[in-house]
1. Take the range 156-174 and flag every residue that is surrounded by 15 or more Cβ atoms within 10 Å (Cβ to Cβ) and not in a loop (DSSP other than H, G, I, E, B).
2. Search the range 25-38 for residues that are more than 11 Å from G174 (Cβ to Cβ) and pair each with any residue that is at pLDDT 95 or above and surrounded by fewer than 16 Cβ atoms within 10 Å (Cβ to Cβ) when their beta-carbon atoms are under 6 Å apart and the residues are at least 6 apart or on different chains.
3. Could you go through the range 129-139 and let me know if any residue there is under 22 Å from S36 (Cβ atoms) and assigned to a loop (DSSP other than H, G, I, E, B).
4. Go through L124, L119, L203, L209 for me and flag whichever is among the aliphatic types (A, V, I, L, M), buried (at least 18 other Cβ atoms within 10 Å of the Cβ) and over 20 Å from H38 (Cβ atoms).
5. Every residue in the range 3-15 that is out of contact with any strand residue (DSSP E or B) (no Cβ under 9 Å at 6 or more places or on another chain) and at pLDDT 95 or above, please.
6. Given the condition surrounded by 17 or more Cβ atoms within 10 Å (Cβ to Cβ), modelled with pLDDT of 95 or more and out of contact with any strand residue (DSSP E or B) (no Cβ under 7 Å at 6 or more places or on another chain), answer yes or no: does some residue in the range 134-152 qualify?
7. Got at least one residue in the range 181-191 being more than 16 Å from A21 (Cα to Cα) and loosely packed, with under 15 Cβ neighbours inside 10 Å?
8. Residues of the range 129-165 being touching a residue at least 40 places away in the same chain (Cβ under 8 Å), closer than 20 Å to Q184 by Cα and not small (G, A, S), which ones?
Amino acid sequence: MTVTELRPNMDYWQERVDLAAAFRWTARLNMHEGVSNHFSLSINDDGTKFLMNPNQMHFSRVKASDMLVIDANDPETLEGPNAPDPTAWGLHGGLHRHCRHARCAMHVHSVHATVLACLQNKILPPLDQNAAMFYDRQVVDDAYGGLAFEEEGERCAQLFSDPKKFVMVMGNHGIMVIGDTVAQTFNRMYFFERACEVYIRALQTGQPLSILPDDIAAKTVEEIENYPEQDVRHLAELKAILDAEESDYAA
């Protein structure tokens, strides 16, 4: 029996374990932001009920049993123990109310993606194979208006109206990545940060960039999206490492 099969009697246990693994690995990659930032995962058909990390708990300490159940249609949820902070409620609540296809949402201020968000041109170009994963899959919020309280969250949610788009570059802020599952969303977030790092480092050379042609970038993103199980296997490997080294994530 694996560590992740030793579970307490809680609903949505596998979803909780997957989400906890994503938090732990995000901390290992130094993509967290102290006790800020938040991930969420829908648990009902219309997406308005979701799991989320407790308020201001460091990602490296989050466990499966810590996840809160939040109702995007019930503001009284904010009055419970360790309820998410108002910005988490505003950003994720608005997203899950208005974007049924956004089953999982991960918001981070990772360094290289945030550098991109601070450039005048905030779209990641298809510079390499990883960056091509995001060709024509990005939206830009270029109207930063302060902390993402409810009104700001509602505005951001409207930018995800096209289901084909799954990364929001939040101008002067960070990124929001969405997907169908924890595995898919984490994989997208991971590779977006990696691709941003390559892009930023390439810009630092001062040399002309060799951007992929649009037709090759479009072909590559289609091929990657049809590549079997990379996201599932990626998360499974991370959980296997955590099972061996940091098993309390699944408690």
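1. C156, A157, V167, M168, V169, M170, G174
2. A27/S60; V35/H58
3. no
4. Just one listed residue meets the conditions, L124.
5. Scanning the range 3-15 gives W13, Q14.
6. The answer is yes; a qualifying residue exists.
7. Within the range 181-191, none of the residues are more than 16 Å from A21 (Cα to Cα) and loosely packed, with under 15 Cβ neighbours inside 10 Å.
8. Correct list: Q129, N130, M133, F134, Y135, D136, R137, F160, P163.
The values are calculated or read from the model by the stated rules, or taken from the named source; none is laboratory data. Remember, it's a predicted structure, so these values are computed and weren't measured experimentally. Reconstructed Cβ throughout: ideal geometry from the backbone, glycine too, with neighbour counts over all protein chains shown.
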